[in-house]
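As structure tokens, the structure follows; a few thoughts come after it.
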Ligand SMILES: Nc1ncnc2c1ncn2[C@@H]1O[C@H](COP(=O)(O)OP(=O)(O)OP(=O)(O)O)[C@@H](O)[C@H]1O
Ligand SMILES: [Mg+2]
């Protein structure tokens with residue numbers, strides 16, 4: 001019988017469970033909701049090593065088959081995230097010596113990573129959970145793809161108070177015309193559609209994260225800001241970071257091909273025997 005080395009890294013976060021399987025060095029990536037992840041956990045018998053991280057790792061561990069004892073490893077969520085991001089950058093052949101890293105998950109953490117070591121430098125409770133929570137409250141929609149679809153067709157200028165609403169001369173300038181004076185501060189906010197509101201919610205979240213991470217980059221004299229986490233899968237999220245970078249004078253937002261899986265890969269790198 002052929003011997004195959006089989007490892008799995010599971011990042012069971014507050015919203016989604018991200019899974020990286022490494023079969024003889026080859027990686028596969030998938031995402032499940034937590035119930036799907038519990039079902040998977042019960043069937044993980046054939047693995048040589050199982051690495052767990054994320055706030056729901058303990059619950060997952062309790063559902064693993066008994067015969068995995070001695071093959072289970074646990075990793076600190078924050079350490080796993082920056083270690084995974086560092087590894088992905090170098091695997092993609094991109095500079096990885098010094099960068100700001102944003103874990104855009106349910107909430108948001110901001111790290112500085114230097115010479116392969118990360119430090120959590122800032123964070124905010126504004127994150128992916130804000131996006132889905134505000135959408136549920138304001139437009140009755142919770143599905144992430146549906147929110148993005150609406151946002152792509154909306155006009156946030158009907159919801160946000162723009163600098164150009166306060167200073168009409170700013171309308172002539174493409175940069176000043178896009179600057180927000182107050183998110184959700186438009187005097188005509190009640191005229192806005194679901195699409196406009198979805199666009200403004202996305203803006204509120206991305207703008208908050210962009211502003212904080214740019215401040216961290218400037219304070220630490222770092223150029224590149226790598227944004228990772230499940231929401232960065234969506235092209236509209238990436239595009240908003242790009243627009244804001246250009247607007248705020250820091251045009252160095254970067255994304256990873258497998259950005260949602262930093263924690264899951266990092267768990268395999270940093271996990272310690274449970
Ligand atoms: N299908 C999807 N594709 C991309 N993003 C999604 C999808 N479904 C939900 N999201 C967004 O991703 C967010 C969760 O991101 P992520 O999986 O990185 O966080 P998490 O690890 O579950 O949370 P945390 O690390 O904060 O505990 C959700 O709050 C939502 O905004
Ligand atoms: Mg997470």
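The values are calculated or read from the model by the stated rules, or taken from the named source; none is laboratory data. Because the structure is predicted, anything quoted here is derived from the model rather than measured. All Cβ positions, even for glycine, are placed from backbone atoms using ideal geometry, and neighbour counts span all protein chains on display.
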Q | Conditions (1) buried (at least 24 other Cβ atoms within 10 Å of the Cβ); (2) more than 16 Å from ligand 2 (Cβ to nearest atom); (3) assigned by TED's automatic domain parsing to the domain that holds residue 34; number of the one not met by residue 52 | A | (2)
Q) residue 202 passes all but one of (1) in contact (Cβ under 8 Å) with a residue 40 or more places away in the chain; (2) in contact with a strand residue (DSSP E or B) (Cβ under 9 Å, 6 or more places away or on another chain); (3) buried (at least 18 other Cβ atoms within 10 Å of the Cβ); (4) under 28 Å from residue 118 (Cβ atoms); which number fails? A) (2)
Q: From 83, 12, grab the single residue that is within 16 Å of ligand 1 (Cβ to nearest atom), touching a helix residue (DSSP H, G or I) at 6+ places or on another chain (Cβ under 7 Å) and closer than 28 Å to residue 252 by Cα.
A: 83
Q: Keeping to region 220-240, report how many residues are part of a helix (DSSP H, G or I) and either within 13 Å of ligand 2 (Cβ to nearest atom) or touching a residue at least 24 places away in the same chain (Cβ under 8 Å) (or both).
A: 7
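Residues checked against (1) surrounded by 18 or more Cβ atoms within 10 Å (Cβ to Cβ); (2) within 25 Å of residue 4 (Cβ to Cβ):
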site: 45; (1), (2): no, yes
site: 60; (1), (2): yes, yes
site: 67; (1), (2): no, yes
site: 75; (1), (2): yes, yes
site: 90; (1), (2): no, no
site: 95; (1), (2): no, no
site: 101; (1), (2): yes, no
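Given 170, 210, which one is within 18 Å of residue 104 (Cα to Cα) and either assigned to a helix (DSSP H, G or I) or within 16 Å of ligand 1 (Cβ to nearest atom) (or both)?
Values: 170 fails: within 18 Å of residue 104 (Cα to Cα).
On inspection, the qualifying residue turns out to be 210.
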Q: Could you run through region 227-244 and say how many residues are in contact with a strand residue (DSSP E or B) (Cβ under 7 Å, 6 or more places away or on another chain) and either at pLDDT below 95 or surrounded by fewer than 20 Cβ atoms within 10 Å (Cβ to Cβ) (or both)?
A: 2
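Based on what the data block shows, is residue 145 surrounded by fewer than 17 Cβ atoms within 10 Å (Cβ to Cβ), in a helix (DSSP H, G or I), within 15 Å of ligand 1 (Cβ to nearest atom) and modelled with pLDDT of 95 or more? Don't jump to the end; show me each part of the working.
Details: surrounded by fewer than 17 Cβ atoms within 10 Å (Cβ to Cβ): yes; in a helix (DSSP H, G or I): yes; within 15 Å of ligand 1 (Cβ to nearest atom): yes; modelled with pLDDT of 95 or more: yes.
Criteria met by residue 145.
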Q: Would you check if there is a residue in region 182-192 being touching a residue at least 40 places away in the same chain (Cβ under 8 Å) and under 26 Å from residue 125 (Cβ atoms)?
A: no
